[in-house]
Every structure is written in C-alpha cells, then in structure tokens.
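The structure appears below as structure tokens.
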Amino acid sequence: MINAKRILVTSALPYANGPLHIGHLAGAYLSADIYVRFQRMMGKDIAFICGSDENGAAITIKAIKGNTTPQKIVDQYHEEFKVAFKGIGISFDYYHRTSDPLHHETSQEFFRKLYADGKFEERTTEQYYDAKAEQFLADRYIKGTCPKCDYDSAYGDQCENCGSTLSPTDLINPISTLTGETPVRKKTTHWYLPLNEDEEWLRDWIENGVLDGQQHHLPKSWKNHVIGQCKSWLDGGLQPRAMTRDLDWGVDVPQEIDGSEGKKLYVWMDAPIGYISATKAWAKENGKDWRDYWQDEETALLHFIGKDNIVFHCIIFPSILKAHGDYILPTNVPANQFMNLEGDKISTSRNWAIWVNDYLKDLPGREDELRYFMIKTMPEQKDSEFTWSGYQDAINNELVNNLANYVNRVVVLTNKYYEGVVPQFDENQEIFGPIGEDEFAFHDSELLRLYDDLNDVADSIRAYEFRAALTKLMDISTKGNQILQFNEPWKTIKDDEEKVKAVMNLSLQYVAAIACATHPFLPTASEKLCQLLNLPLIAEDGDFVTMMDKLAMGEHLIEAGHKINSASHLFSRIDDETIATQKAKLVPAVQEVENESPIKENIIFDDFVKIDFRTAKVVEAEKVPKADKLLKLKLDLGFEQRTVVSGIAEHYSPEEVVGREVTLVANLAPRKIRGVESQGMILMAESSNGKLSFVAPDKGWDSGMIVR
RNA sequence: GGCGUGGUAGCUCAGCUGGUUAGAGCGCAGCAUUCAUAAUGCUGAGGUCGAGUGUUCAAGUCACUCUCACGCUACCA
C-alpha cells in the first residue's frame with residue numbers, strides 16, 4: 001500500500017503509572033509526529049491517534065501503595081501526559097484514554113464479536129477463590145498438604161518436599177497465603193485466542209508481505225530488527241493466549257457471557273483497541289467515519305512503537321484484528337530501539353531519566369532544541385545515547401552556528417541592502433552555486449537543485465529515516481551558507497549590484513524553503529521563520545506540495561517586492577552552566593527508601609522458630625550450565641557440607657564467592673533446580689534496582705552457628 | 001542456555017542486492033573571510049570496518065566459529 005488513500009498513525013499508548021521521559025519520545029512519539037506533520041503538508045488524509053493506557057494490575061498496586069485510588073492515579077498521569085505532549089509539540093489529532101466509557105464499549109464490542117464467531121477457545125478450570133480477598137488465587141498463593149508425601153506446606157504448583165508437580169486442587173486443606181482463609185473452589189472461565197492457528201498466514205504476511213494471497217506491503221520497507229523479532233517468535237511456535245484475566249481494574253468482560261463475573265479483558269484485548277476507540281472519538285468530533293480508517297483496504301495503518309512492543313503489534317494485535325475479520329492490518333510498524341542516557345539505561349524507578357515536563361519547565365522555549373537532538377540521535381537501527389554535552393554541541397554548532405546564523409545573515413543583508421524588500425533581479429545573471437567558483441550557475445538552475453534536495457528530505461521521511469532526513473535538511477542550510485560565501489555579496493555590492501540582487505533573491509528562496517521544510521521537525525522554529533519572512537504560517541494543509549509545485553514550475557517561494565521583517569535570532573546558545581545544572585539533576589539511584597513491597601502479614605513466634613538459619617562458608621562454586629543466573633555452591637556448615645543452587649550468577653562470579661560467609665536457611669525442603677538438588681537457600685538482600693548483597697556474619701565466624 | 005538486533009575514524013553515526021584509493025557531522029590542525037549569534041567557507045590528519053577461518057577474480061558487505069553490548073525468553077525456594 002504505497003499510495004494509500006488515507007493514513008492512520010498510532011503511537012504506543014503510554015502507561016499511566018509514571019511520568020513521560022525522553023525515552024518515550026525517542027521510541028514512539030517524535031518519529032510519528034514528524035511523519036504525520038509531513039504527510040499533512042503533503043496534503044494527505046491522515047489521522048494521528050493516541051491515548052493513555054489506564055488499565056491493569058500495576059495501577060491497582062500503585063494505588064494501594066500510595067494509599068489512593070486507581071482513578072486518581074490515572075487522572076493525574078493523563079493530565080501530565082497531555083501537558084508533556086503539547087509542550088513538546090506532538091500533534092495528535094486525538095488523545096484519548098482507556099478509562100473512557102467509549103473505550104469500554106468498543107473493546108467489549110470487539111470481544112463480543114470474536115466470542116459470537118467462535119474465535120475463542122474457552123477453557124474452564126476450577127480454581128481456588130479467596131472470598132475474603134474477593135479474588136481468584138494464583139497457584140503460588142495457595143498452600144496445603146501434599147497428597148503424596150503429606151508435607152504440610154506444599155505450594156499450589158509444586159511440593160517442595162517430594163518435588164511432585166501439583167495442581168492446586170490436589171492439595172489437602174488448602175489455605176490462601178493472602179488472608180489465611182480457606183479458599184473455596186470456584187469455576188473460572190477464560191477465553192483464549194488460538195494464535196498457534198495463525199502461524200501460517202502471519203509468516204506469509206511478515207516475511208513476504210502477502211496477506212490473503214495479495215501483496216499487502218513490501219517486506220523490505222520494514223526494519224530488520226522488527227522482522228527478525230517476529231520471525232524469532234514464529235519459529236518458536238505460538239501458543240494460545242488468554243484474552244481475559246481475573247483482575248479488578250479494567251474493562252469488564254461483557255456481562256451476558258457466561259462466567260464473565262469478575263473478569264476483565266486482558267491487556268491484549270484492551271490497550272491496542274484503545275487505538276480504535278480513540279479513532280472513534282476523533283471521528284465523532286470531526287465529522288468523519290472511523291470505519292474509513294480501520295476497515296478500508298485503501299487505508300495505510302502505521303504503528304509507531306518502541307522495540308519492547310514489537311511482538312504485541314506485529315503478531316498478537318494483527319491476529320486479533322484478523323479474527324474479527326473487518327479490520328485492516330498495519331502496513332508498517334516502524335519500531336525504534338532504546339535511547340540510553342549518559343551511559344546508562346533510562347529507568348523510571350532509579351530516577352535516571354530526563355522527564356519531559358521537567359525539561360519544559362527548566363528550559364522554557366527550547367522544545368525544538370530537544371526535538372532536534374532527539375531526532376539527530378533517534379535509535380532507529382540500534383540503541384542510541386543522549387548526553388547533555390552532545391545536546392549542547394548539537395544545538396550550538398548546528399542549530400545556532402549553521403542554521404540560525406545562516407537565516408540571520410540573509411535577513412540582515414536583505415534589510416541592509418534593500419530595506420527588507422526581496423530584490424528584483426535579472427534571470428541571466430551568472431552567480432556561484434554551492435559547488436563554488438569552478439561552476440557557474442543561475443538563479444533558476446539553483447532552484448532546481450533546491451527542489452532535488454527537498455525531494456531527498458521528503459524521501460527519507462517517507463522511508464521512516466528521520467535522522468537522515470534531518471541531516472539532509474541541515475545540508476540545505478550549509479549549501480545556503482556556501483552560496484553566500486562564494487558570492488561574497490558584502491564585497492560584490494561595491495562593484496556588481498546586479499549579481500548581489502540575484503544572490504540575495506536566491507538566498508531568500510532558500511530561507512523560505514527552510515521555513516517550510518523544518519516544520520515537521522522543528523515546528524516552533526518554522527513558525528518563527530515564517531514570521532521573520534512575513535509569510536503565512538505553515539497550515540499543515542498541503543504546504544509542502546505547494547512549495548514543490550512552485551519550484552518545479554520555476555516560480556518563486558517568496559516574490560520580489562515582498563517585504564520581510566527585521567532580524568531576530570532563531571536559536572540562542574546553551575551555556576555550560578545550564579548544562580552543568582541539568583547534569584547535576586541526574587542523581588544515580590539515590591533511591592528514597594520507599595517500601596516497594598509492603599511488609600508481609602504478621603507471623604507468630606512459633607512460625608519464626610521453625611526456620612533454621614545457619615552460618616556457612618562457600619567452599620566451591622561453579623556456574624550451572626544452560627542457566628544465566630544460577631550458581632551451584634558447596635557450603636561448609638562445619639559439621640556437614642551441602643549443595644545449594646542460588647540465583648546470583650549475574651552479580652557474583654564463582655571465584656568471588658568462594659570463601660564468602662553466608663547465611664543459610666538450612667531446613668528448607670530440598671528442590672531440584674536445573675537438574676541439581678538444592679539443599680537450602682542463601683539469604684540475599686535485594687535492592688530495588690535488583691542488586692544483590694550477601695547477608696552474612698562478621699568475618700571470621702565459625703560455620704554452622706545458629707542465627708536468630 | 002535458546003532466539004533476535006547491533007559492534008565501522010577520538011565522539012555520534014551512514015554504508016542498498018559483494019566490485020575502483022571505506023563515508024558524513026562534531027572534535028582536532030592549517031588556510032581564507034567578516035554580512036552574521038567569534039558565526040561561515042576551503043584543505044588536511046585520523047580507521048588492520050569486534051576477533052578468527054572460509055567461499056569468491058573480488059568481502060565492511062556472504063557462510064561458519066568465537067567475543068562484547070542491548071532486547072525477548074528459560075532458570076533465580
């Protein structure tokens with residue numbers, strides 16, 4: 001679908017449990033915004049849709065921790081997101097939210113259709129239900145007596161004493177670990193989408209771009225890592241996926257369906273359908289028919305996402321859409337990789353991020369500067385890195401010295417020589433082009449060069465190569481500088497006024513072209529440029545086409561006789577102090593001691609004394625084969641030696657741990673892990689960013705001592 | 001461990017289906033220039049294209065092995 005009649009663009013729905021940072025922008029929003037603004041300027045019928053993803057368990061948990069309600073959490077972030085997106089200039093046509101009734105209806109309707117068409121595999125199982133907690137219990141939240149060995153604290157999925165694999169309903173005297181209540185058996189039904197049946201057509205669609213026997217898109221236009229990721233999943237074999245969950249915050253499974261009570265749509269049936277509900281909301285307010293955008297073969301659907309979302313958008317959501325039958329599938333999923341920050345991964349929990357709203361507050365009026373550097377370092381093909389000094393260099397050297405200074409030169413000279421009026425000139429006047437003195441050029445031949453260069457920018461945008469497009473755009477500014485440099489109007493004005501007129505007129509055409517072409521990337525700068533030239537602002541209504549048509553016809557973008565305004569600076573430098581302040585705000589991992597996991601329920605002393613903690617010394621250590629995280633340790637308790645498997649290999653090498661003193665839970669029932677029997681468990685403290693530390697006695701203590 | 005993507009000048013990155021002396025921007029050195037926010041233009045130095053083996057008349061570009069980074073996945077009672 002190269003020449004689609006209309007385009008629907010979606011950006012990943014941000015999850016409403018944390019503020020927006022630059023990593024989000026780099027992944028799914030900036031690239032989409034450039035693409036959309038450009039296509040509007042190409043006169044395309046295009047809709048740009050997004051919204052807050054507000055359902056799911058993580059939000060409930062956050063609400064409990066913060067002693068508030070899920071609704072308050074999502075309201076807060078929904079507002080923050082809107083401010084951030086607006087501030088940085090992401091031009092959504094509609095920003096919706098999945099807590100909206102329209103979304104609930106839409107996703108339920110979708111579910112109903114799949115249900116009625118028999119697309120689901122219904123699996124009813126009997127599960128334990130905790131009446132006090134009012135929820136179904138996951139296997140590991142149930143304990144009871146093992147039917148095989150009479151061990152009295154077997155988990156719902158496995159007895160650690162005898163190692164047998166269990167199902168919760170096998171347990172004798174089951175108890176809920178949440179409340180201590182005896183759970184009741186209750187039937188629960190979930191609906192699964194048999195993705196395994198979709199493998200064949202998915203493969204054809206992804207690898208060959210063929211859907212229902214027709215060429216749907218060119219697989220070459222998809223990014224390597226996107227196709228690679230999908231193939232990896234297909235090769236691994238797809239499994240049926242549950243489309244519902246026993247949750248308490250989200251979209252209800254339609255009530256008329258048997259067994260729907262307490263069930264919510266799982267994220268697969270919820271978030272991506274948010275794109276559809278957002279489109280409906282937009283269409284309703286703008287007199288459009290949303291079906292044109294989702295159900296017409298002549299529409300190109302594009303999902304802009306980060307790489308963590310590839311499988312979701314390339315396999316699961318398409319399967320859901322195809323199962324419904326009325327919907328089109330994405331033409332492309334231009335996923336970006338990740339952006340790192342100053343040498344480290346961006347992390348919300350570690351506060352290692354640049355928050356969009358903080359940036360807007362700290363550096364007001366510099367939205368385009370952030371956009372510029374983010375586009376320049378956009379992780380299109382591989383992970384990339386944001387550094388404040390890189391940001392400073394790029395702004396000062398490229399935006400100020402090259403672009404803004406070029407514009408300033410042209411405007412100042414025009415005002416100086418012609419009182420701000422675009423000069424009339426002789427078309428036969430020879431001038432120097434950007435190549436220099438080796439080649440004579442004319443005004444009209446240079447406009448054709450400009451046309452070609454603008455076309456190159458456009459081609460890159462169409463191919464989702466935004467950094468390349470930005471480079472090509474900046475090259476136009478460089479060529480403008482070259483034209484001035486080679487023709488030296490400040491010298492020539494003394495003996496060849498006619499030549500200066502041609503050069504200055506051409507330069508003004510360049511600036512007018514830049515005013516238009518920067519718009520998708522740097523909308524605010526584009527606006528300032530238009531004001532500077534006293535031209536109408538970009539309306540995102542076919543402006544690019546108009547410009548290209550004029551150039552192709554040999555017409556001018558800014559007419560002789562037109563009066564421009566006096567000079568003012570387009571961008572200003574960023575000083576070292578500003579950068580130092582921002583760098584200082586990045587404080588690595590000084591985590592407020594927040595209770596990530598609440599204190600568990602009280603136990604009585606008798607429970608505590610059941611656990612036999614002992615000191616021990618590591619005498620041997622080796623990696624467990626075929627497992628990244630596991631070390632097999634031999635521990636000396638003084639009176640005996642034991643083998644223990646521990647998940648610490650990512651933090652400690654075998655050499656480092658030999659000789660360490662540790663604390664061991666000595667009477668934990670043995671369990672086989674990766675084929676090795678582990679006789680106990682080593683105590684480790686875990687920080688909130690996943691780092692591990694031994695919990696051990698002071699150096700030089702004997703092994704086998706009792707700990708209490 | 002399995003799978004995927006990447007590892008190219010000091011830094012940030014381009015290099016499509018293998019084909020002459022491997023490219024850009026920044027930084028660095030020199031020259032020119034002053035209209036401009038000490039901006040601009042020109043020239044130059046800088047790379048055994050992660051390591052190794054192979055296929056080929058020819059490999060950064062293909063195959064295999066290894067290695068490192070990141071992601072997904074398994075194992076972390």
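Derivation of every value follows stated rules applied to the coordinates shown; laboratory data play no part. Source: prediction; values computed, not measured. Neighbour counts run over all protein chains shown; Cβ positions are idealised from the backbone, glycine included.
Within the set A:LYS82/A:LYS307; A:LYS634/A:LYS672; A:LYS280/A:LYS376, which residue pairs have Cα atoms separated by over 27 Å?
Distance filter (> 27 Å) returns A:LYS280/A:LYS376.
Roughly what angle does helix A:101-116 make with the longest principal axis of chain A, taking Cα atoms, 0 to 90 degrees, to the nearest 10?
Relative to chain A, helix A:101-116 is tipped by roughly 60 degrees.
How much mean residue ellipticity at 222 nm does chain A get from its helices, if each DSSP H run of length 4 or more adds -39500 (n - 2.57) and you divide by all residues, to the nearest 500 deg cm²/dmol?
-10500 deg cm²/dmol
Could you give each residue of segment A:693-701 its phi-based ³J(HN,Hα) in whole Hz, using Karplus coefficients 6.51, -1.76, 1.60 with θ = phi - 60°, and x for Gly or Pro?
My calculation for segment A:693-701 gives 9, 5, 9, 8, x, 4, 4, x, 7 Hz in order.
Full extension from A:THR546 to A:THR182: what is 0.36 nm times the residue separation minus their Cα-Cα distance, to one decimal in nm?
Gain on extension, A:THR546 to A:THR182, equals 123.7 nm.
Using a Förster distance of 25 Å, how high is the FRET efficiency between A:ASP117 and A:ARG203, based on the Cβ-Cβ distance and rounded to 0.05?
Plugging the Cβ-Cβ distance into 1/(1 + (r/R0)^6) gives 0.60.
Can you list the residues of segment A:260-285 with backbone N under 18 Å from a point 7 Å past the Cα of A:ALA58, pointing along Cα to Cβ?
Counting only backbone N, you get A:265-275.
Here is the link list: A:LYS610/A:LYS699; A:LYS382/A:LYS479; A:LYS610/A:LYS632; A:LYS119/A:LYS264; A:LYS528/A:LYS563. Which ones come out longer than 21 Å on Cα distance?
Among A:LYS610/A:LYS699; A:LYS382/A:LYS479; A:LYS610/A:LYS632; A:LYS119/A:LYS264; A:LYS528/A:LYS563, the Cα-Cα distance tops 21 Å for A:LYS610/A:LYS699; A:LYS382/A:LYS479; A:LYS610/A:LYS632.
For A:GLU677 and A:SER693, compute 0.36 nm times the residue count separating them, minus their Cα-Cα distance, and round to one decimal in nm. Write out the running numbers ahead of the final one.
Numbers: separation 16, 0.36 × 16 = 5.76 nm, distance 2.32 nm.
Residue separation times 0.36 nm, minus the Cα-Cα distance, leaves 3.4 nm.
What do you get for GluC sites (Glu not before Pro) in segment A:472-539 restricted to DSSP loop and a cutoff of at most 15 other Cβ within 10 Å of the site's Cβ?
Passing sites in segment A:472-539 do not exist.
Calculate one ³J(HN,Hα) per residue across segment A:410-422 by plugging θ = phi - 60° into the Karplus curve 6.51 cos²θ - 1.76 cosθ + 1.60, and present them in order as whole Hz with x for glycine and proline.
Result, ordered by residue: 5, 5, 5, 5, 4, 5, 5, 8, 10, 6, x, 9, 4 Hz.
Lysines within cross-link reach of A:LYS550: Cα-Cα under 19 Å, excluding same-chain residues under 8 positions apart?
A:LYS550 reaches A:LYS44.
Note the angle between two axes, namely the Cα long axis of helix A:367-376 and the longest principal axis of the Cα atoms of chain A, as a number of degrees from 0 to 90, rounded to the nearest 10.
Here the helix axis deviates by roughly 80 degrees.
Would you kindly derive the ³J(HN,Hα) couplings of segment A:66-80 from the backbone phi angles with the Karplus curve 6.51 cos²θ - 1.76 cosθ + 1.60 (θ = phi - 60°), listing them in order in whole Hz, with x for Gly and Pro?
For segment A:66-80, the Karplus-derived couplings read x, 6, 9, 10, x, 4, 5, 4, 5, 4, 4, 6, 4, 5, 4 Hz, x marking Gly and Pro.
Segment A:237-272 to segment A:294-338: how many Å between their Cα centroids?
Each part's Cα centre sits 20 Å from the other's.
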